[in-house]
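One structure is given here, and the rest of the page talks about it.
The values are calculated or read from the model by the stated rules, or taken from the named source; none is laboratory data. Small disclaimer: the values here were computed from a predicted structure and weren't measured. Cβ sites come from the backbone with ideal geometry, for glycine too, and all protein chains shown count toward neighbours.
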């Protein structure tokens, strides 16, 4: 079977249960958003899949092969982490050289072009890069590996708005050229909402949602209009959140709503992923 | 493929330190004619022990071969097993390579000091096992045995360094403190006092005898005792290192 299959993963750190019986599949050629609050277990899950840490129990399969301590399976994955795993004194160009050595599909020309586009100085030492350029360096390497399964853990950490936009564009361009599986773990839900096809929400080590973004957003809707009209329309409904501006109001509702029952002047819109996420992951 | 890349990476890691090491050795050798020029007829000079410097150097290489390499390998999808095997290959490459270079340096040193009766250029191996080669110095047998002896000593030193560094990596803070304080305290203070007060020097005498035995000195200056002992030590250290490396995880 193609894709990454995670079966009944459990991971504890002392008394803390970081992953609880996590089972899910990252299918081939899809872009996933792995969403969760701080300490929900996102990084632990990605670290386990990429063999950086060992689970207490459970299995990870990459294209049907056990992934732990399996070079062939691990060579199909590449993880961009928040932390820097490159040697202290290594230069960016040397990291590129060695990544090409370990990943034969590495596209050096694409890497150089992207570095130029982002203004990354490849002659610099990795440790001397700013937080933003540290992230850019790792993003460029990850995209250039051409590995079929790419994991991005907080990919836009320290990036300004322009660079964040450039990253999302580069990701989508690369994906449309040759599709791959990307798993983006991030807090910036609003930003990735337009990029991801599938959503995995993790809460206290448990997967609470794993479905397409479209399906998930269809589980709710927004109603907007004058404050009085919205207040009357949302009576008796499950309200996930409300935004007010002047005399206008937008309410985020769980479940479907029958438009024929709404007062005049009310507009029904698509659910907001971030609002839904906050609702689902609140204590 | 991965083993080849991992080995290549680890070899490249030493691309600066190894030439620097030999530059120092070369400079030391270059000093020989200068320092011997002022010698009088009654003066004598003994030169050697470069292989001890190599052994210490490789011990340090072993000490520096885990943490950064492990993180780099894990980042690049290399398994712990491949990383460990590539380290074993690196040990073999460096031990053989540097021992051969030492042998060449020894030969050059001997060539330069030949005919100068008051200057002796000898390896530590020659000094230790001199009686075995009495009347037959610089024989093929001595060169081959000396080379084998140095290769194994280098490999053990490198593996010992590797074992120590992985052990420290795996230990928690309390464990690190306990080992850092406990081991020197036992070896430098505890054992000598215990030996002097309780056993009347028996422990150190036994350790001395054991050392002479495993080096083959007690058995007709037979270096094969030392070689077999080194092989056993290497196997034990490699086994312990693998036990520690196979479950190592990335730390922040």
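Some values worked out for this structure:
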{"read-out": "Out of A:262, A:273, sole residue that is surrounded by 17 or more Cβ atoms within 10 Å (Cβ to Cβ), outside the structural domain of residue A:154 (by TED's automatic domain parsing) and in contact (Cβ under 8 Å) with a residue 60 or more places away in the chain", "value": "A:273"}
{"read-out": "Selection count, region A:72-88, where residues are more than 7 Å from chain B (Cβ to nearest Cβ), over 21 Å from residue A:132 (Cβ atoms) and in a loop (DSSP other than H, G, I, E, B)", "value": "1"}
{"read-out": "Qualifying helices (runs of 4 or more DSSP H) (wholly inside region B:3-100; at least 2 residues being touching a residue at least 40 places away in the same chain (Cβ under 8 Å), within 14 Å of chain A (Cβ to nearest Cβ) and over 18 Å from the mean Cα position of the chain (by Cα))", "value": "B:67-75"}
{"read-out": "Scan of region B:216-252 for residues that are within 14 Å of chain A (Cβ to nearest Cβ) and surrounded by 13 or more Cβ atoms within 10 Å (Cβ to Cβ), ordered by number", "value": "B:242, B:244, B:245, B:246, B:248, B:249, B:250"}
{"read-out": "So residue B:162, is it over 18 Å from residue B:83 (Cα atoms) and within 20 Å of the chain's Cα centre (by Cα)", "value": "no"}
{"read-out": "Scan of region A:56-71 for residues that are away from chain B (no Cβ under 11 Å) and either crowded, with 16+ Cβ neighbours inside 10 Å or modelled with pLDDT under 95 (or both), ordered by number", "value": "A:58, A:60, A:61, A:63"}
{"read-out": "Filter result (within 22 Å of residue B:248 (Cβ to Cβ) and surrounded by fewer than 21 Cβ atoms within 10 Å (Cβ to Cβ)) within region B:46-68", "value": "B:59, B:60, B:63, B:64, B:67, B:68"}
{"read-out": "Any hit, region A:94-110, residues being more than 29 Å from residue B:5 (Cα to Cα), away from chain B (no Cβ under 14 Å) and surrounded by 14 or more Cβ atoms within 10 Å (Cβ to Cβ)", "value": "no"}
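Residues checked against (1) free of Cβ contacts under 8 Å to residues at least 24 places away in the same chain; (2) more than 28 Å from residue A:88 (Cβ to Cβ); (3) assigned by TED's automatic domain parsing to the domain that holds residue A:17:
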residue	(1), (2), (3)
A:167	no, no, yes
A:197	no, yes, yes
A:208	no, yes, yes
A:234	yes, yes, no
A:239	yes, yes, no
